[in-house]
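Since the structure comes first, as structure tokens, the remarks are kept for the end.
The values are calculated or read from the model by the stated rules, or taken from the named source; none is laboratory data. Just so it is clear, the model here is predicted, and its values are computed rather than measured. Cβ atoms come from the backbone with ideal geometry, glycine included; neighbour counts cover every protein chain shown. These area figures cover heavy atoms from the full protein model, side chains too; ligands, DNA and RNA do not enter into them. Shrake-Rupley method; radii C 1.70, N 1.55, O 1.52, S 1.80 Å.
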Amino acid sequence: MSSSATAGNNPGRIMAKAASVNIDNACNAFLHDCFRQFGIHVVSLPGDPVALLNKQKFEACVIRLYDPDAERILQAARNSNSNRRIVIYGIARSTQEALRFSKYGINAVFDEPLDRQSVLKVVRSTHLLVIHELRRYVRIPVVADVRLDIGSGSTNVVNGEVSSGGMSVLSTVPIASQEPVQITTTLPGLPKITLRAYICWAKPAEKLYGLRYDPADDRRLSVRRWIDQYLEIV
């Protein structure tokens with residue numbers, strides 16, 4: 001990941017940053033709640049967004065496409081050395097409103113008025129692009145016991161899918177999404193492995209959680225080698 005943000009109450013959690021441009025506080029809170037489930041921290045830009053997009057690096061941005069200043073902001077983002085490949089989420093009142101800005105490569109559109117399930121669906125389908133993992137990681141279904149050490153406690157869960165970047169797990173015990181964790185598991189053919197991770201998304205109703213390995217933990221490379229070998233076998 002090219003940059004990271006650390007939440008104030010989560011010093012161990014690495015997150016991608018999404019700039020919120022000219023969006024009111026209530027909407028910002030709503031977007032923050034939706035995006036954070038996927039490891040993306042929404043940051044409201046104070047002052048002139050064009051100047052900030054030229055100075056600061058973001059992985060994504062959210063902008064109302066009917067903002068009178070939308071075109072100037074989109075142009076600044078796409079012309080910025082650090083943000084020209086930024087993932088752009090546009091809030092639009094109609095398809096035509098979004099199509100007006102197609103030359104700027106809008107990556108995804110939220111329909112106005114915003115609906116929680118619709119927003120989550122869009123973010124779910126695009127968040128790997130934001131955190132630079134889009135289809136780099138093959139997901140391999142595998143059933144394995146996993147121990148999660150969270151703070152001073154631990155819980156046993158069942159693995160769902162494994163990728164080079166993370167894994168999904170089923171847990172009958174709710175897992176706080178803001179907590180960094182330590183994973184201990186055994187993949188077929190490998191000795192027991194322990195590595196650092198954090199919760200990047202959660203579906204408590206389905207008892208399903210997504211874990212992303214800490215990019216600074218080189219032990220994750222053994223998982224990548226296991227996947228390579230697994231694919232050669234199958």
Cα gyration tensor shape for the range 74-119, rounded if a/c is under 1.5, else prolate or oblate: oblate
Under 22 Å from the Cα of Lys203 - lysines, other chains or at least 8 residues apart: Lys17, Lys121
Residue-averaged 222 nm ellipticity for the chain, from DSSP H runs of 4+ at -39500 (n - 2.57), nearest 500: -8000 deg cm²/dmol
Rounded accessible area of Arg147 (nearest 10 Å², 1.4 Å probe): 90
Accessible-area composition of the chain, carbon plus sulfur, in percent [1.4 Å probe]: 51
Inter-label distance, nm, simple model (7 Å from Cα along the C-beta direction), Ala144/Thr95: 4.4
Listed residues Lys57, Lys103, Lys17, most fluctuating in the chain (Gaussian network, C-alpha, under 10 Å): Lys103
Shape call, the range 46-123: gyration tensor on alpha carbons, a/c limit 1.5: prolate
Label-point separation in nm, Asp111 to Asn28, each point 7 Å along Cα→Cβ: 2.8
14 Å cut-off, amide nitrogen to a point 7 angstrom out along Arg224 Cα→Cβ, residues in the range 171-207: none
Alpha carbon centroid spacing (whole Å) that separates the range 49-96 from the range 135-211: 34
Spacing of the two label points (7 Å from each Cα toward its C-beta) at Lys121 and Arg85, in nm: 3.0
Whole-number accessible area per residue in Å² for the chain, which is evaluated in the context of all protein chains at 1.4 Å: 50
